[in-house]
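Visitor: What follows is a structure written as structure tokens; I'll ask about it next.
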Amino acid sequence: MNDVLSIHARRRFLQAIGGGVGTLALGDLLAAEDPLAPREPHFPGKAKSIIFMFMEGGPSQYDLFDPKPELQKWHGKPLPESLTKQMQLAFIKPNAAVLASPRVFTKHGQAGTEFSDWIPHTASCADDICLVRSMHTDAFNHHPGQLLMFTGTTQIGRPTLGAWSVYGLGSQSKNLPGFVVLSSGAGTSGGATNFSSGFLPSTYQGTPLRSTGDPILYLSNPPGVSGDMQRAGLDAMRDLNQQRLQATGDAEIASRMANYELAYRMQASAPEMSDLSQESKDTLDLYGVGQAPTDQFARNCLMARRLVQRGVRFILITHASWDDHTKLNPNLKKNCDITDRPTAALLKDLKRNGLLDSTMVVWGGEFGRTPMQEIRNTRDPEGAGRDHHPLAFSMWLAGGGIKGGQVVGRTDDIGFNIVENPVHVHDLQATMLHAMGFDHTRLTYRHMGRDFRLTDVDGKVVKAMLA
Amino acid sequence: MYRLALLAVLPAMAAVDYVTDVAPLLKKRCSGCHGAAQANSGFRVDSAPALLAGGYTGPVVIPGKSSGSSLIERVTSAKEGFQMPPMGARLTAAEVSLLREWIDAGAKHNETPAVSTAPKRAKHWAFEPLTRPVPPSASGVRNPIDNFVFARLAKEGVAPSPEASKATLLRRASLDLRGLPPTPQEVSEFLADARPDAYERMVDRFLASPHYGERFARPWLDLARYADSDGFEKDLVRPWAWRYRQWVIDALNQDLPFDRFTVEQIAGDLLPNATVEQRVATGFHRMTLYNREAGVSRQEDRFEQTINRANTIATTWMGLTAGCAQCHDHKYDPISQREYYQLFAFMDAAQHEDIDAPLPGELGPYLRAKPSYDKKRQDLLTEYNVPALQATFETQLIKAIRKPGDNLEWDFWVTSCTAMVERCQQLWLKPPAERTPREAEMLTDYFIANVGPDLPRDQAVLDKIKELRTKLSELKRTLPRFTQAYTMAADPRAEPTHIALKGDYKRPGLAVQPGTLAVLPPFNPGQEPPRLAFAKWLTSVENPLTPRVIANRAWQEFFGRGIVKTAEDFGTQGDRPTHPELLDWLAVELREGGWSLKHLHKTIVLSATYRQSSQTRPELKDRDPENTWLARQNRLRLPAELIRDAALAASGLLMSTIGGPSVMPPQPASVTALGYGSRKWEESQGPERYRRGLYIHFQRTTPYAQLMTFDAPDSNVACARRRPSNTALQSLNLLNDPVFFEAAQALAIRIDREAPPNQKLDYAFALALGRPAAPAERERLAKYLDLQANLVAKENSAATLLPAEPSLAPWVGLSRVLLNLDEFMTRE
């Protein structure tokens, strides 16, 4: 099946170019599989589109999602050795002093979920949000953590969540890629490995939508080449390719012709898609487009909704970086001010457009942060931050297939370990795939003599998260 | 049962007997997973000696001590994942006490060790001895390859395809052997050459071309997972990685016999009186990822690199998916977890070593300049008080290395330095007098660049250091360039290798010796270093696997698929060979032909099978849809690098220098901005922009977009075959990427300069497609040129399309059409 996919990329393209195939038996070509054609999953899934809001670096759960008043008692003191002796940390030593959060938490929504005062907009969506306070991971460094989150292992080389999704479901967009990446802030540790297709055909890799220059790489014609010229050139190519197709009988040529036509349509549709001037002022204001400091992130969130409307299957929004080893308070505030309002706007906008029920939104980083403080300059205690913490952190989900207005899992009084309903990264992946309609143990791809899957050899669907 | 029941009440009544009591219990409850058919974790219970020998975790029964025996711990544990049996009913209290009693009584038995404890396996073709098959008789043959292929076709009642046209053969052989299209002059000469051996003469010319080494280096670099950066977060550039690539190109051009090619890359450093080139060859092992993210466990990263090396060797030389056995015995192939760590052990005993690897002409100027450079450097260091400042820094750093947790700031610097500098702690702890000059210089450079937490508090001192940095880098620029290389060397501190239980480096199991697979010929290192002996064993005359794997991949390069389609997997889960006897014949031909790759390549290219037309055959579409019988050639889309090369060659822009450092052709800044720290892409200037795709700098986390769009591998694990895709992003790339547009502009000018006015179109076809235009094509393109000329005039865009020569602007459009044709990017 792998090679069928990689060699033949047909059906929809051929429909798109209609008569372009000439005398070659159209039916034969149509019988082959288009790797991006929409496909039915294992069972009906509620999530038809996925927006993964990846907050790179590891946002602090202590200061956003998981209040721990108990930490006040420990503030400035080391934790008991019994708790920390097995702990492997990136920078600090296990005897570092505890840093209690200065944030104020209040209850929101019908379930009374507690959120910090720095994310009031997100908190206002509490009834749609399933907050998971019991996430845990195996990696305590960024790139391995990101790889685990996106590919299911800590080493580079496997397909990512977005690639698996499009491999499984195909795409509903005829004029845009099935997996799109939007980024803001600094670059991520993972770079392109967070949206790679790994050993899946490159058809499934994420296409970055760029905020400067062409939204899609090489979308614009070269200087001096007008739309008419591009069309004239494509017509000539089509006719010459057609002659070649007749001469050789190689269906691959028909596929290439179809892709040139798709490229041409993309040239028209991608600028339309990224043109936010079509949106109302109300909508732009809701997201914070055109305003500091939200503008860039707001554009990406609004773009995500527009992509969902155009049938794009998987959208990865990344924002870097939340890696607050130092100056936690000012840095976290800054990121919250950038992201909180657009994030809530996205949920509300999806909802009012009737898209939230079929769109799963996931928010979180690759791990959490320690209850202990990290100080790199002893003369600046105000500059304290937190180190990486893989044993317990928070993420949230909303929309398609997810049961909102609830909290899943619980951590101990100081948030160090999980005491109820632990959710491993593999469990999150299994649950996300379940919401799309997949049994995560059966969505596989044969490579190097083995059937690989996103969840490696683990993963349990977390029923409590599902609607 | 009666006895068990009694035991529960009267444990002391009679001694427990192995044969009547223990063996039946273990057989019933444990042998499903730990028996002759399947010995999970290397542990078997079907004989007493095997039971007492234990598994990968070590012994599980300690005679006389049931309480310390893990057998008892596991059958009594309630912990999921640890308890045995893992599912189903637990052992009853009576059964447990029976086992306890037998162990406490000394675990006595009367069985003698079996001769072999390895589970029996069915025969598998790839591991069978290799002999040269007799070619069957067939007609229309040019060499024995055709006997095998055509005899098979005859059996199916199918005739081979006719030979492709001369123009097609020329372009095919040129792309296959040099990775470049033929020049118009070569086209006309070859078409006019009526000598019977014209084709062979051309093949010989291509085999002798220095571009042959570039062409065949690329698939080898795919296997070697070649890249110019570390991978992971910081993804630091490896400025000297190309030195290994250079070695590969040179070795292939010199037709270094494949057995030597093997030995030098796997163990060149261990050869007696190893030359610099032989050590450079071990750069093969240095192409692994390296995680320099601060706080990463160096032990873990080293383990991952060694795993990657073991897997890469298994894929490259043995065609085996050994990686499965990292965590458990291979489910399908005869690779136990123990054997996997035996392979792993060859590389576990090696360490990184960066060396001076001067190219011809570099050494003299460098050596002449070095003494005065050294003196000036030393003077600067003294002038800026570096020895004293560094001594203070070292004292603090060493304190923190020895006793972490006392000083938060210095802990951070230890973590940071450990990530950035290889074997950093070991080096700092070495007394200064014992450091080599290279080591001493590296540490001093590290200090000057980083200085630690204390020094920046004195602004005056910091300013002086900044001044010093500038002066040192200016001084460095005066020292002539001197190429370095990344190599491997024996690790003098190597510790015994252990099986990593469940593939986890933190759970060492049994110790193992370097070794190979039981299913392959015996491996006896004798007095030689094991890694060197292993390299020789791979191409030893007894080893059937390596020549089959190498011959198959050679075939793949000329037909788009191997005789074994799964070039990376010759195990039981891989495809079976479509022509097993042909594969063996080629493998023997390679080995007995002095391991000459050029000879093997020439043999394939001279066959009638290779020379067939690639025209599809509708009558065979249902009977042989994938063309496995080879009743024709295959049309192959060019790999990413060769599409670029073909465009640059046709346009005349190509800079055809062989080898050297990597280059960065133009691409939008947004590609690398996606990586950590928003990396800059330093566009190459001048002719360096037009080097072959092989030389494009490969930055692992943000690779050059055109390469990835056209299915280049990600360079993280060995890639034995690329999977060509066909996508709209590829179309956008070729239509609009400035690199390809510049090629179209240059092609328009070249056509005008080099062709007589009435032959411009044919000349353009010769450059792009290696053939003259057909009448229908001529007619269509004439129409296009008219339309294009009208549009250019109407839109007044001539000067934008081709600023250098606006009158030729319509031809830019025509060139662009040619460079985007399916035929242009296809080897027919």
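The values are calculated or read from the model by the stated rules, or taken from the named source; none is laboratory data. Since we're looking at a predicted model, the values are computed, not measured. All Cβ positions, glycine included, derive from the backbone under ideal geometry; neighbour counts span all protein chains shown.
Visitor: Are any residues in region B:520-534 within 14 Å of B:Ala345 (Cα to Cα) and out of contact with any Pro (no Cβ under 9 Å at 6 or more places or on another chain), and if so, which ones?
Guide: B:Pro529, the sole residue that qualifies.
Visitor: Also, I was wondering about something else. Hey, can you tell me all the residues within region A:372-427 that are surrounded by fewer than 20 Cβ atoms within 10 Å (Cβ to Cβ) and of a type in the set (Ser, Thr, Tyr)?
Guide: Once the filter is applied, which keeps residues that are surrounded by fewer than 20 Cβ atoms within 10 Å (Cβ to Cβ) and of a type in the set (Ser, Thr, Tyr), region A:372-427 yields only A:Thr378.
Visitor: Out of all the residues in region A:433-442, which are under 20 Å from the mean Cα position of the chain (by Cα) and either closer than 13 Å to A:Gly152 by Cα or among the polar types (S, T, N, Q) (or both)?
Guide: Residues satisfying the conditions are A:Leu433, A:His440.
Visitor: Please state which one of B:Met420, B:Met442 is surrounded by fewer than 16 Cβ atoms within 10 Å (Cβ to Cβ) and within 33 Å of the chain's Cα centre (by Cα).
Guide: The match here is B:Met420.
Visitor: Inside region B:305-339, can you point out the residues that are of a type in the set (Phe, Trp, Tyr) and away from every other protein chain (no Cβ under 14 Å)? Walk me through how you get there before you give the answer.
Guide: In the first step, residues of region B:305-339 are kept if they are of a type in the set (Phe, Trp, Tyr); the result is B:317, B:332.
Residue satisfying the conditions is B:Trp317 alone.
Visitor: If you scan region B:395-444, which residues turn out to be among the acidic types (Asp, Glu), more than 14 Å from chain A (Cβ to nearest Cβ) and either without any contact (Cβ under 8 Å) to a residue 24 or more places away in the chain or touching a Cys at 6+ places or on another chain (Cβ under 9 Å) (or both)?
Guide: Answer for region B:395-444, where residues must be among the acidic types (Asp, Glu), more than 14 Å from chain A (Cβ to nearest Cβ) and either without any contact (Cβ under 8 Å) to a residue 24 or more places away in the chain or touching a Cys at 6+ places or on another chain (Cβ under 9 Å) (or both): B:Glu434, B:Glu439, B:Glu441.
Visitor: What number of residues within region A:179-213 are part of a loop (DSSP other than H, G, I, E, B) and either closer than 30 Å to A:Asp451 by Cα or modelled with pLDDT of 85 or more (or both)?
Guide: Qualifying residue count, region A:179-213: 13.
Visitor: Please tell me if B:Ala789 is at the interface with chain A (Cβ under 8 Å from one of its Cβ atoms), surrounded by fewer than 17 Cβ atoms within 10 Å (Cβ to Cβ), without any contact (Cβ under 8 Å) to a residue 40 or more places away in the chain and among the hydrophobic types (A, V, I, L, M, F, W, C).
Guide: no
Visitor: Would you point out which residue out of A:Ala163, A:Ala186 is surrounded by fewer than 24 Cβ atoms within 10 Å (Cβ to Cβ) and either in contact with a strand residue (DSSP E or B) (Cβ under 8 Å, 6 or more places away or on another chain) or not polar (S, T, N, Q) (or both)?
Guide: Result of the check over A:Ala163, A:Ala186: A:Ala186.
Visitor: Does A:Val425 meet the test of being farther than 30 Å from A:Lys73 by Cα and either of a type outside the set (D, E, K, R) or in contact with a strand residue (DSSP E or B) (Cβ under 7 Å, 6 or more places away or on another chain) (or both)?
Guide: yes
Visitor: Check A:Pro223, A:Pro215, A:Pro271 and return the single one that is free of Cβ contacts under 8 Å to residues at least 60 places away in the same chain and within 8 Å of chain B (Cβ to nearest Cβ). Before you say what the answer is, go through the steps one by one.
Guide: Working: A:Pro215 fails: within 8 Å of chain B (Cβ to nearest Cβ); A:Pro271 fails: within 8 Å of chain B (Cβ to nearest Cβ).
Sole residue among the options that is free of Cβ contacts under 8 Å to residues at least 60 places away in the same chain and within 8 Å of chain B (Cβ to nearest Cβ): A:Pro223.
Visitor: Does A:Pro144 meet the test of being more than 23 Å from B:Leu236 (Cβ to Cβ) and either within 12 Å of chain B (Cβ to nearest Cβ) or in a strand (DSSP E or B) (or both)? Quick ask: steps written out before the conclusion?
Guide: On the way: more than 23 Å from B:Leu236 (Cβ to Cβ): no; either within 12 Å of chain B (Cβ to nearest Cβ) or in a strand (DSSP E or B) (or both): yes.
No.
Visitor: Scanning region A:243-265 for residues that are more than 7 Å from every other protein chain (Cβ to nearest Cβ) and aliphatic (A, V, I, L, M), which turns out nearest to B:Ala774 (Cα to Cα)?
Guide: The qualifying residue nearest to B:Ala774 (Cα to Cα) is A:Ala247.
Visitor: Here is a follow-up. I need the full set of residues from region A:29-66 which are outside any loop (DSSP other than H, G, I, E, B) and modelled with pLDDT under 90, in order please. Explain how you work it out, then say what you get.
Guide: Keep residues of region A:29-66 that are outside any loop (DSSP other than H, G, I, E, B), which gives A:29-31, A:49-56, A:61-63.
Hits for region A:29-66 are A:Leu29, A:Leu30, A:Ala31.
Visitor: Right, here's the next one. Residues in region B:683-703: is at least one within 28 Å of A:Ser197 (Cα to Cα), more than 14 Å from chain A (Cβ to nearest Cβ) and among the acidic types (Asp, Glu)?
Guide: yes
Visitor: Could you please find all residues in region A:155-186 being within 12 Å of chain B (Cβ to nearest Cβ) and among the aromatic types (Phe, Trp, Tyr)?
Guide: Within region A:155-186, just A:Phe179 meets the criteria.
Residues are listed down the side, and each one gets a yes or a no for (1) part of a helix (DSSP H, G or I); (2) out of contact with any Pro (no Cβ under 8 Å at 6 or more places or on another chain); (3) hydrophobic (A, V, I, L, M, F, W, C):
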| position | (1), (2), (3) |
| --- | --- |
| B:Glu683 | no, no, no |
| B:Met708 | yes, yes, yes |
| B:Pro713 | no, yes, no |
| B:Cys719 | no, no, yes |
| B:Ser725 | no, no, no |
| B:Phe740 | yes, yes, yes |
| B:Leu761 | yes, yes, yes |
| B:Ala764 | yes, yes, yes |
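Visitor: A further question follows. Among the residues of region B:190-202, write down those that are without any contact (Cβ under 8 Å) to a residue 12 or more places away in the chain and more than 39 Å from the chain's Cα centre (by Cα).
Guide: B:Ala192, B:Asp193, B:Ala194, B:Arg195, B:Pro196
Visitor: OK, next. Would you call B:Gln278 part of a helix (DSSP H, G or I), over 22 Å from B:Gln556 (Cα atoms) and touching a Leu at 6+ places or on another chain (Cβ under 7 Å)?
Guide: When the stated conditions are applied, B:Gln278 passes them.
Visitor: Kindly check whether there is at least one residue in region A:72-86 that is surrounded by 14 or more Cβ atoms within 10 Å (Cβ to Cβ) and within 22 Å of A:Val425 (Cβ to Cβ).
Guide: Scanning region A:72-86 turns up no residue that is surrounded by 14 or more Cβ atoms within 10 Å (Cβ to Cβ) and within 22 Å of A:Val425 (Cβ to Cβ).
Visitor: Still on this model: Only one residue in A:Arg231, A:Arg210, A:Arg299 is of a type in the set (Lys, Arg), more than 8 Å from every other protein chain (Cβ to nearest Cβ) and under 20 Å from the mean Cα position of the chain (by Cα). Which one?
Guide: The match here is A:Arg299.
Visitor: Please verify whether region B:613-624 includes one or more residues that are surrounded by 16 or more Cβ atoms within 10 Å (Cβ to Cβ), modelled with pLDDT of 95 or more and in contact with a Phe, Trp or Tyr (Cβ under 6 Å, 6 or more places away or on another chain).
Guide: For region B:613-624, residues surrounded by 16 or more Cβ atoms within 10 Å (Cβ to Cβ), modelled with pLDDT of 95 or more and in contact with a Phe, Trp or Tyr (Cβ under 6 Å, 6 or more places away or on another chain): absent.
Visitor: Residues of region A:166-191 being more than 24 Å from B:Leu732 (Cα to Cα) and polar (S, T, N, Q), which ones?
Guide: Correct list: A:Ser184, A:Thr188, A:Ser189.
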